[in-house]
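A.B. asks: So that we are looking at the same thing, I have put the structure below in structure tokens.
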Amino acid sequence: MLIQSMIKETLEMQGFRIDSINKSSLGLLVRIVADRRFKPRCGICGAMAEYRDNRRERLFRHIPLWGVPVMLIYAPRRVTCDHCGGIHVEALPWASGKRRLTTAFGCFLATWARLLPWSEVAQLFQLSWGTVASAVELVVSYGLAKRDLSGITHIGIDEVSRKKGHVYLTNVYDLKTKTLIWSGEGRSKETLRAFFVFLGSEQASRIQGVCCDMWEPYVEVIKAYAPKAILVFDKFHIVRHLMDAVDQVRRDEIREKGKEHKNLLKDTRYIWLKNPWNLTDKQKVRLTSLEKLNLKINRAYLLKEAFRQFWSYQHRGWAEKFLKKWFWWATHSRLKPLRDFAWILRRHEENILSYFIEPIHNATVEGLNNKAKVISHRAYGFRSAKTFILNLYHGMANLPMPKLLHTFV
Ligand SMILES: [Zn+2]
């Protein structure tokens, strides 16, 4: 009797009642029957509908009690619905769709699945991996249907790789709320187009700013689907390109000047790339002595350090002037990697300088992308991109959870 009232108090079951509770080989078996005082509701539209017949009994796994599995057993009714037309299976307040677990158990497992790999959650509760996957799927599909995307004005587009760089996913973030809006497989035009189709043209027209890497396929799609948005190339990606150029100068110089030079520049990679104020005392001393040698890498270093100033301008005009000067310096530096980088800037100038009109960058979502990488490293058990994406939504989209009568975790 006590168990019965506890189940009634913690599980949404209006229109139904508990017929009996028995201990079986499956655990506690809670038999549920319809409460004849209430009309059944249509499983599609939720309207009250006419009883037609009963389906076979179904089992719903519920949250274990003292480690004892709990199963609900019920034979769902079929109803004739006037509202949406047709014959459908009734709505059940404790479960949704064809799922074989209660919504409460789904939320319970999904909460654990945020903290542990799915395989470990499965092990912990003696379930199959598929049950955990379906719990996460339940919560995510609820959340995706209920979330409100109407406030999106600034988006950041970034990519993560799955399976060590073999498979790419394109992630779209809301830069204001720092949450994941969308994730799709690939990084082609079609991938980003799928995002805009998902978003819808009305919503896309409200986007004021888009931040992404200098990646041509994206640029074209953004211009087509969000023509009013200001496109800004992400400053951190730009800086990364610059760092790569500087490092290339170092490697080229070692190759040109041979073995002796290799010893001279040994272990200096981070000295050239780090912010000067982050250098250790030892590195500072080393840098000072290297600076006297008029090395190519030192010229590259000075160009890199000078470029830092670019981001500090308040107005586009001043930034543009600076960029022109820097471009001249870099293209006359006789350092090919820096010259190439300068030309990249020149070609993309418009969408780099737009930063000074719409100062957005993806650093805010970089943390999220790192989280995505952590999730991908934990990929054991993610058998497909679909489940991987599911987990990204689960961990990064801040989705609303189904409302429950009782908080189980
Ligand atoms: Zn209906």
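The values are calculated or read from the model by the stated rules, or taken from the named source; none is laboratory data. Note that this is a predicted model, so its numbers are computed, not measured. Note: ideal-geometry Cβ built from the backbone for every residue, glycine included; neighbour counts use all protein chains shown. Surface areas here come from the heavy atoms of the whole protein model, side chains and all, with no ligands, DNA or RNA. Shrake-Rupley method; radii C 1.70, N 1.55, O 1.52, S 1.80 Å.
A.B. asks: In the stretch 71-114, which residues are of a type in the set (Gly, Ala, Ser) and more than 16 Å from the ligand (Cβ to nearest atom)? Break it down stepwise before answering.
C.D. replies: Filtering the stretch 71-114 for residues of a type in the set (Gly, Ala, Ser) gives 75, 85-86, 91, 95-97, 104, 106, 110, 113.
Within the stretch 71-114, 75, 95, 104, 106, 110, 113 meet the criteria.
A.B. asks: From (1) in a loop (DSSP other than H, G, I, E, B); (2) over 13 Å from residue 90 (Cα atoms); (3) touching a strand residue (DSSP E or B) at 6+ places or on another chain (Cβ under 9 Å), pick out the condition that doesn't hold for residue 17.
C.D. replies: (1)
A.B. asks: If I filter the stretch 34-51 down to residues being open to solvent by less than 40 Å² (accessible area, probe 1.4 Å) and assigned to a strand (DSSP E or B), which single residue comes out as nearest to the ligand (Cβ to nearest atom)?
C.D. replies: Of everything passing the filter in the stretch 34-51, 42 is nearest to the ligand (Cβ to nearest atom).
A.B. asks: Looking at 158, 213, can you tell me which residue is closer than 16 Å to residue 371 by Cα and of a type outside the set (Lys, Arg)? Quick ask: steps written out before the conclusion?
C.D. replies: On the way: 213 fails: closer than 16 Å to residue 371 by Cα.
When all the criteria are applied, what remains is 158.
A.B. asks: Residues to consider are 59, 29, 65; find the one that is more than 16 Å from the ligand (Cβ to nearest atom), farther than 20 Å from residue 409 by Cα and either of a type outside the set (A, V, I, L, M) or within 36 Å of the chain's Cα centre (by Cα) (or both). Spell out the reasoning first.
C.D. replies: Values: 29 fails: either of a type outside the set (A, V, I, L, M) or within 36 Å of the chain's Cα centre (by Cα) (or both); 65 fails: farther than 20 Å from residue 409 by Cα.
From the options 59, 29, 65, the qualifying one is 59.
A.B. asks: I would also like to ask the following. Within the stretch 1-19, identify whether any single residue is open to solvent by 40 Å² or more (accessible area, probe 1.4 Å), under 38 Å from the mean Cα position of the chain (by Cα) and among the acidic types (Asp, Glu), and answer yes or no.
C.D. replies: Yes, the conditions are met somewhere in the stretch 1-19.
A.B. asks: Continuing with this model, one more query. Hey, among 249, 232, which residue is touching a residue at least 12 places away in the same chain (Cβ under 8 Å), of a type outside the set (Phe, Trp, Tyr) and in contact with a Lys or Arg (Cβ under 6 Å, 6 or more places away or on another chain)? Full working, then the answer.
C.D. replies: Details: 232 fails: in contact with a Lys or Arg (Cβ under 6 Å, 6 or more places away or on another chain).
None of the other options fit; the residue is 249.
A.B. asks: Restricting the stretch 107-130 to residues that are part of a loop (DSSP other than H, G, I, E, B) and open to solvent by less than 40 Å² (accessible area, probe 1.4 Å), which is modelled with the highest pLDDT? Walk me through how you get there before you give the answer.
C.D. replies: Let us first name the residues in the stretch 107-130 that are part of a loop (DSSP other than H, G, I, E, B), namely 116-117, 125-128.
If we keep only those that are open to solvent by less than 40 Å² (accessible area, probe 1.4 Å) too, we end up with 117, 127.
Numbers: 117: 85, 127: 93.
Here the residue is 127.
A.B. asks: Looking only at helices (runs of 4 or more DSSP H) that fall completely inside the stretch 198-302, which ones have 3 or more residues that are surrounded by fewer than 19 Cβ atoms within 10 Å (Cβ to Cβ) and more than 39 Å from the chain's Cα centre (by Cα)?
C.D. replies: Working: elements: 201-205, 216-225, 235-257, 259-264, 269-273, 281-291.
Counting at least 3 such residues, we get 235-257, 259-264, 281-291.
A.B. asks: Let me ask something else about it. Mind checking which residues of the stretch 146-160 are surrounded by fewer than 21 Cβ atoms within 10 Å (Cβ to Cβ) and at pLDDT below 90?
C.D. replies: Answer for the stretch 146-160, where residues must be surrounded by fewer than 21 Cβ atoms within 10 Å (Cβ to Cβ) and at pLDDT below 90: just 159.
A.B. asks: Out of everything in the stretch 354-409 that is within 17 Å of residue 129 (Cβ to Cβ) and of a type in the set (Ser, Thr, Tyr), what residue ends up being modelled with the lowest pLDDT?
C.D. replies: This residue is 380.
A.B. asks: Would you please list the contacts, defined by Cβ atoms under 7 Å and residues six or more apart or on different chains, that run from a residue in the stretch 338-364 that is closer than 21 Å to residue 178 by Cα to a residue that is acidic (Asp, Glu) and not in a helix (DSSP H, G or I)?
C.D. replies: The qualifying pairs are 361/234; 362/158; 362/234.
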